[in-house]
Structures are given as C-alpha cells and as structure tokens.
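Quick notes on the structure that follows.
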C-alpha cells in the first residue's frame with residue numbers, strides 16, 4: 001500500500017520531471033551513497049518540497065535493488081540532506 005501512495009504522490013505532482021537529472025543524481029548520491037549536495041541543487045530540492053523528497057526516497061527504498069540498504073540509515077541521511085539544504089537556502093548569502 002505504501003508503494004502505491006508514494007507513486008501516486010510522485011505522479012500527481014509530476015515530481016520526476018521537475019528536477020534536472022544532474023540534481024537528481026547528486027541528491028541520490030548524497031542520500032544513498034557518500035557525497036554532498038551543492039547549493040544550486042539544494043535550491044531545486046527545496047523548491048520541490050519535503051513531501052516530494054520523502055516520497056522519492058521512500059519509493060527508492062521499496063525497490064528491490066536497494067533491499068540491502070538500511071532504511072533507518074537512509075531516512076536519517078535523507079532528513080539530514082533536507083535540513084542542510086533548508087538551512088542553506090534560508091541563510092543569507094555572504095556578499096562578495
């Protein structure tokens with residue numbers, strides 16, 4: 001049932017096409033592997049919203065290709081990535 005709900009959220013809001021592929025790859029690498037997301041792509045992620053971010057991560061975890069990953073660790077990295085991006089976007093840019 002959860003898989004259907006995540007798919008429905010993603011499709012209804014057309015989330016898969018609202019983020020550029022380079023951004024998707026960088027966000028995915030940050031959450032599911034090791035890395036960090038750039039300021040530019042943080043902006044794209046935050047514009048999509050937390051519901052989209054969570055639905056995409058949960059749907060990825062439901063894929064059998066990722067069955068060996070620890071969901072608790074991935075969810076924690078997902079939340080950390082979201083919070084870091086949100087803080088980055090909310091903080092004023094230093095002037096040059």
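Could you please find all residues in the range 23-40 being assigned to a helix (DSSP H, G or I), surrounded by 14 or more Cβ atoms within 10 Å (Cβ to Cβ) and in contact (Cβ under 8 Å) with a residue 40 or more places away in the chain?
Listed by number, the residues that qualify are 27, 30, 31, 32.
Report, by residue number, each residue of the range 59-87 that is loosely packed, with under 14 Cβ neighbours inside 10 Å and either within 11 Å of the chain's Cα centre (by Cα) or closer than 18 Å to residue 39 by Cβ (or both).
Result: 80, 83, 87.
Since every read-out is calculated from the coordinates, none of them should be taken as a lab result. Because the structure is predicted, anything quoted here is derived from the model rather than measured. All Cβ positions, glycine included, derive from the backbone under ideal geometry; neighbour counts span all protein chains shown.
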